[in-house]
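Have a look at the structure below, then the notes.
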Amino acid sequence: MKKWLLLVIVVIAGTLFLACSDDDGDGATSTPAPSEGSGGFPVTVTDDTGAEATIESQPKAIVTLSPSFAEVLFAIGAGDAVVAVDENSDYPAETEALPKLSGFEPSLEAIVAFEPDLVLLSFDPSGLTGSLEELGIPSLFLANPSDLEGVYAQIETIGKVSGHLEEAEAVTADMETEIAAIV
């Protein structure tokens, strides 16, 4: 019985690790729900600060400042749009060849140099999202999910804003199936 419980805990912890990222320490744990609609663009979502972000067309240059976001983007087939990742991103292997940026002390100038049409972040020092907005660069602040439902919702939100909602839904369905089989 103890081995079964340990296995469930390990699987849940591994799943949460996939979606873990450093938040800004404000305790926010909500995960934005994807906006309603056909799944096409433009797409508007509300991030975990309550700010709305509108992405006019499918992003071709995404900067992600959280390892979990990089993993999700590659898992849902949006990896070819990722142009830079944070310095802690090392999975999947494709992230090793990408330029690295600081996720804890991000440089606005360094981010802008990649000409992103979407920036995903889980830490917002010095109002980075506001500065990006002033420059017309959509950004989305996503805090650490507090439970598996939050993980699934965050993956689907990233799928929606990257133009890969169907793939994101397939990833979350597979995760739910695997966890249910173990439990």
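The values are calculated or read from the model by the stated rules, or taken from the named source; none is laboratory data. The shown structure was predicted, so the numbers you read here are calculated from the model rather than taken from an experiment. Positions of Cβ are generated from backbone atoms using ideal geometry, with glycine treated the same way; all protein chains shown enter the neighbour counts. Ligands, DNA and RNA are excluded from the accessible area calculation, which covers all protein heavy atoms including side chains. Shrake-Rupley method; radii C 1.70, N 1.55, O 1.52, S 1.80 Å.
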GLY130 fails exactly one of the following numbered conditions: (1) open to solvent by less than 10 Å² (accessible area, probe 1.4 Å); (2) free of Cβ contacts under 8 Å to residues at least 24 places away in the same chain; (3) within 24 Å of PHE41 (Cα to Cα). What is the number of that condition?
-> (1)
Report yes if some residue within region 12-22 is over 30 Å from ALA181 (Cβ atoms), open to solvent by 30 Å² or more (accessible area, probe 1.4 Å) and modelled with pLDDT under 95; otherwise report no.
-> yes
With respect to ASP26, is the statement that it is modelled with pLDDT of 95 or more and over 21 Å from TYR152 (Cα atoms) true?
-> no
Subset of region 54-78 that is of a type in the set (Gly, Ala, Ser) and open to solvent by 10 Å² or more (accessible area, probe 1.4 Å) - its residue that is nearest to the chain's Cα centre (by Cα) = ALA75
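Every residue, every condition in (1) at pLDDT 95 or above; (2) in a loop (DSSP other than H, G, I, E, B); (3) closer than 21 Å to GLY150 by Cβ, yes or no:
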| residue | (1), (2), (3) |
| --- | --- |
| PHE69 | yes, no, yes |
| VAL72 | yes, no, yes |
| ASP80 | yes, no, no |
| VAL83 | yes, no, no |
| GLU109 | yes, no, no |
| GLU115 | yes, yes, no |
| LEU120 | yes, no, yes |
| LEU128 | no, no, no |
| GLU133 | no, no, no |
From the options PHE104, PHE114, PHE141, residue that is of a type in the set (Phe, Trp, Tyr) and open to solvent by less than 10 Å² (accessible area, probe 1.4 Å) | PHE141
Extreme residue, farthest from SER126 (Cα to Cα), among residues of region 89-101 that are open to solvent by 40 Å² or more (accessible area, probe 1.4 Å) and part of a loop (DSSP other than H, G, I, E, B) | TYR91
Please find, among ILE179, ILE155, the residue that is out of contact with any Asp or Glu (no Cβ under 6 Å at 6 or more places or on another chain), at pLDDT 95 or above and part of a helix (DSSP H, G or I).
-> ILE155
